[in-house]
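The values are calculated or read from the model by the stated rules, or taken from the named source; none is laboratory data. For clarity, every value in this text was computed on a predicted model and none was experimentally measured. Glycine gets a Cβ as well: all are built from the backbone with ideal geometry, and neighbour counts include every protein chain shown. Each accessible area value is taken on the protein alone, full model and side chains, heavy atoms only, with ligands, DNA and RNA left out. Shrake-Rupley method; radii C 1.70, N 1.55, O 1.52, S 1.80 Å.
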Amino acid sequence: MHQDKINLFEYFLKELVNWFCSYHNIGLSDFNNHQENDLSKLKVFKLHFFACTKNDRLISIFNSFHALPYGHVESDVYNSLSELQFCKLDSVKLTITNEKAFMEQKPYNSDLIDTAIIALRKENKELIAASAFDLVELSHRWFSWRYTFEEARNQHQFSKFINPYLILSEEKIYSL
(Lines give C-alpha, C1' and ligand atoms only; values in the text may rest on other atoms or scores of the structure.)
Protein backbone atom coordinates (compact mmCIF):
# COMPACT_ATOMS: atom_id res chain seq x y z
CA MET A 1 0.00 0.00 0.00
CA HIS A 2 2.85 2.39 0.77
CA GLN A 3 4.14 2.65 -2.81
CA ASP A 4 0.56 2.90 -4.10
CA LYS A 5 0.07 5.93 -1.87
CA ILE A 6 3.27 7.58 -3.13
CA ASN A 7 2.33 6.86 -6.76
CA LEU A 8 -1.12 8.31 -6.23
CA PHE A 9 0.39 11.40 -4.59
CA GLU A 10 2.71 11.87 -7.55
CA TYR A 11 -0.31 11.65 -9.83
CA PHE A 12 -1.95 14.31 -7.64
CA LEU A 13 1.13 16.49 -8.29
CA LYS A 14 0.63 15.97 -12.03
CA GLU A 15 -2.96 17.17 -11.74
CA LEU A 16 -1.83 20.20 -9.71
CA VAL A 17 0.64 21.04 -12.47
CA ASN A 18 -2.17 20.76 -15.04
CA TRP A 19 -4.33 23.10 -12.92
CA PHE A 20 -1.41 25.54 -12.50
CA CYS A 21 -0.65 25.56 -16.23
CA SER A 22 -4.31 26.05 -17.10
CA TYR A 23 -4.69 28.84 -14.54
CA HIS A 24 -1.58 30.68 -15.77
CA ASN A 25 -2.25 29.84 -19.42
CA ILE A 26 1.17 28.28 -19.98
CA GLY A 27 2.44 25.08 -21.54
CA LEU A 28 3.96 22.26 -19.53
CA SER A 29 7.42 23.04 -20.94
CA ASP A 30 7.25 26.44 -19.21
CA PHE A 31 6.25 25.07 -15.81
CA ASN A 32 9.61 24.35 -14.14
CA ASN A 33 10.99 27.85 -14.70
CA HIS A 34 7.76 29.82 -14.48
CA GLN A 35 8.20 32.82 -12.20
CA GLU A 36 5.03 31.97 -10.29
CA ASN A 37 5.84 28.29 -9.72
CA ASP A 38 5.34 28.38 -5.97
CA LEU A 39 4.16 24.80 -5.58
CA SER A 40 6.31 24.31 -2.49
CA LYS A 41 5.97 21.45 -0.01
CA LEU A 42 3.88 23.67 2.24
CA LYS A 43 1.50 24.77 -0.50
CA VAL A 44 1.21 21.31 -2.06
CA PHE A 45 0.41 19.62 1.25
CA LYS A 46 -2.37 22.11 1.97
CA LEU A 47 -3.85 21.60 -1.52
CA HIS A 48 -3.49 17.84 -1.07
CA PHE A 49 -5.49 17.96 2.14
CA PHE A 50 -8.23 20.08 0.58
CA ALA A 51 -8.43 17.77 -2.45
CA CYS A 52 -8.65 14.68 -0.25
CA THR A 53 -11.62 16.19 1.58
CA LYS A 54 -13.54 16.29 -1.71
CA ASN A 55 -13.64 12.48 -1.89
CA ASP A 56 -14.14 10.34 1.22
CA ARG A 57 -12.33 7.40 -0.38
CA LEU A 58 -9.17 9.50 -0.57
CA ILE A 59 -9.29 10.00 3.21
CA SER A 60 -9.20 6.21 3.58
CA ILE A 61 -6.15 5.99 1.27
CA PHE A 62 -4.35 9.06 2.59
CA ASN A 63 -5.12 8.00 6.13
CA SER A 64 -2.25 9.51 8.10
CA PHE A 65 -3.07 13.20 8.35
CA HIS A 66 -1.45 14.94 11.28
CA ALA A 67 -2.05 18.37 12.78
CA LEU A 68 1.20 20.31 12.62
CA PRO A 69 1.84 24.02 13.25
CA TYR A 70 1.22 24.83 9.56
CA GLY A 71 -1.90 22.73 9.21
CA HIS A 72 -2.80 19.24 7.98
CA VAL A 73 -0.01 17.05 6.58
CA GLU A 74 -0.25 13.47 5.34
CA SER A 75 2.78 12.16 7.21
CA ASP A 76 3.32 8.94 5.26
CA VAL A 77 3.64 10.92 2.04
CA TYR A 78 5.69 13.71 3.61
CA ASN A 79 8.18 11.19 4.96
CA SER A 80 8.46 9.52 1.54
CA LEU A 81 9.06 12.52 -0.71
CA SER A 82 12.47 11.15 -1.67
CA GLU A 83 10.61 8.26 -3.37
CA LEU A 84 8.94 10.47 -5.97
CA GLN A 85 9.98 9.13 -9.36
CA PHE A 86 9.30 11.90 -11.89
CA CYS A 87 9.55 15.15 -9.96
CA LYS A 88 11.14 16.85 -6.98
CA LEU A 89 9.27 18.81 -4.34
CA ASP A 90 11.17 21.19 -2.08
CA SER A 91 10.54 24.19 0.14
CA VAL A 92 10.40 26.55 -2.85
CA LYS A 93 8.80 24.77 -5.80
CA LEU A 94 7.90 21.61 -7.66
CA THR A 95 10.28 20.56 -10.44
CA ILE A 96 9.42 17.94 -13.04
CA THR A 97 12.47 15.74 -13.64
CA ASN A 98 11.00 13.37 -16.26
CA GLU A 99 8.26 15.18 -18.16
CA LYS A 100 7.17 12.30 -20.38
CA ALA A 101 6.83 9.77 -17.54
CA PHE A 102 5.30 12.41 -15.25
CA MET A 103 2.53 13.14 -17.74
CA GLU A 104 1.91 9.50 -18.72
CA GLN A 105 1.51 8.11 -15.20
CA LYS A 106 -1.89 6.64 -14.41
CA PRO A 107 -1.75 4.74 -11.09
CA TYR A 108 -4.49 2.69 -9.52
CA ASN A 109 -7.24 4.97 -8.10
CA SER A 110 -6.14 7.95 -10.22
CA ASP A 111 -9.82 8.52 -11.00
CA LEU A 112 -10.30 9.49 -7.33
CA ILE A 113 -7.70 12.23 -7.73
CA ASP A 114 -9.31 13.38 -10.98
CA THR A 115 -12.74 13.79 -9.40
CA ALA A 116 -11.30 15.43 -6.27
CA ILE A 117 -9.32 18.02 -8.27
CA ILE A 118 -12.35 18.78 -10.46
CA ALA A 119 -14.49 19.25 -7.34
CA LEU A 120 -11.86 21.40 -5.62
CA ARG A 121 -11.44 23.60 -8.70
CA LYS A 122 -15.22 23.98 -8.88
CA GLU A 123 -15.28 24.91 -5.18
CA ASN A 124 -12.54 27.56 -5.54
CA LYS A 125 -10.53 27.78 -8.76
CA GLU A 126 -8.28 30.44 -7.17
CA LEU A 127 -6.76 28.03 -4.61
CA ILE A 128 -3.96 27.15 -7.04
CA ALA A 129 -2.88 30.81 -7.02
CA ALA A 130 -3.17 31.33 -3.27
CA SER A 131 0.01 31.72 -1.27
CA ALA A 132 1.15 28.85 0.93
CA PHE A 133 0.47 30.94 4.03
CA ASP A 134 -3.05 31.82 2.89
CA LEU A 135 -3.66 28.09 2.53
CA VAL A 136 -2.21 27.51 6.01
CA GLU A 137 -4.60 30.15 7.36
CA LEU A 138 -7.46 28.42 5.57
CA SER A 139 -6.52 25.01 7.00
CA HIS A 140 -6.37 26.54 10.48
CA ARG A 141 -10.08 27.33 10.17
CA TRP A 142 -10.89 23.61 9.98
CA PHE A 143 -12.14 22.06 13.22
CA SER A 144 -10.04 18.90 12.72
CA TRP A 145 -6.84 20.95 12.84
CA ARG A 146 -7.88 23.31 15.67
CA TYR A 147 -9.09 20.49 17.93
CA THR A 148 -6.22 18.08 17.26
CA PHE A 149 -3.45 20.66 17.36
CA GLU A 150 -4.77 21.97 20.68
CA GLU A 151 -4.66 18.38 22.01
CA ALA A 152 -1.06 18.09 20.79
CA ARG A 153 -0.08 21.36 22.48
CA ASN A 154 -1.74 20.23 25.71
CA GLN A 155 0.57 17.21 25.56
CA HIS A 156 3.56 19.49 24.83
CA GLN A 157 3.81 18.21 21.25
CA PHE A 158 3.71 19.89 17.84
CA SER A 159 2.15 17.00 15.93
CA LYS A 160 -0.77 14.67 16.50
CA PHE A 161 -2.64 12.18 14.34
CA ILE A 162 -6.03 13.48 13.20
CA ASN A 163 -8.89 11.04 13.50
CA PRO A 164 -10.22 10.65 9.91
CA TYR A 165 -13.78 10.78 11.29
CA LEU A 166 -13.17 14.40 12.31
CA ILE A 167 -12.17 15.28 8.76
CA LEU A 168 -15.06 13.36 7.20
CA SER A 169 -17.69 14.86 9.50
CA GLU A 170 -16.62 18.48 9.79
CA GLU A 171 -17.76 21.52 7.85
CA LYS A 172 -15.55 21.92 4.77
CA ILE A 173 -14.07 25.38 4.16
CA TYR A 174 -12.39 26.26 0.86
CA SER A 175 -12.31 30.07 0.89
CA LEU A 176 -10.77 32.60 3.23
*Test Lys43 against the criterion of being out of contact with any strand residue (DSSP E or B) (no Cβ under 8 Å at 6 or more places or on another chain) and crowded, with 20+ Cβ neighbours inside 10 Å, and give yes or no.*
yes
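Go through region 77-117 and give me each residue that's without any contact (Cβ under 8 Å) to a residue 12 or more places away in the chain and either outside any helix (DSSP H, G or I) or within 14 Å of the chain's Cα centre (by Cα) (or both).
Asn79, Lys88, Thr97
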_Quick check on my filter: what residues within region 60-105 are in contact with a strand residue (DSSP E or B) (Cβ under 8 Å, 6 or more places away or on another chain), over 22 Å from Leu138 (Cβ atoms) and open to solvent by less than 60 Å² (accessible area, probe 1.4 Å)?_
Leu81, Phe86, Cys87, Thr95, Ile96, Phe102
*Hey, could you check region 18-40 for residues that are touching a helix residue (DSSP H, G or I) at 6+ places or on another chain (Cβ under 7 Å) and aliphatic (A, V, I, L, M) and say which is least open to solvent (accessible area, probe 1.4 Å)?*
Leu39
*Among the residues of region 106-114, is there at least one that is touching a Gly at 6+ places or on another chain (Cβ under 9 Å) and either open to solvent by 20 Å² or more (accessible area, probe 1.4 Å) or over 22 Å from Gln35 (Cα atoms) (or both)?*
no
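Condition check ((1) hydrophobic (A, V, I, L, M, F, W, C); (2) out of contact with any helix residue (DSSP H, G or I) (no Cβ under 9 Å at 6 or more places or on another chain)) across all residues:
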residue	(1), (2)
Ser91	no, no
Leu94	yes, no
Lys100	no, yes
Asp111	no, yes
Ile117	yes, no
_For the structure I just gave you, tell me whether His72 is assigned to a strand (DSSP E or B) and out of contact with any Asp or Glu (no Cβ under 7 Å at 6 or more places or on another chain)._
yes
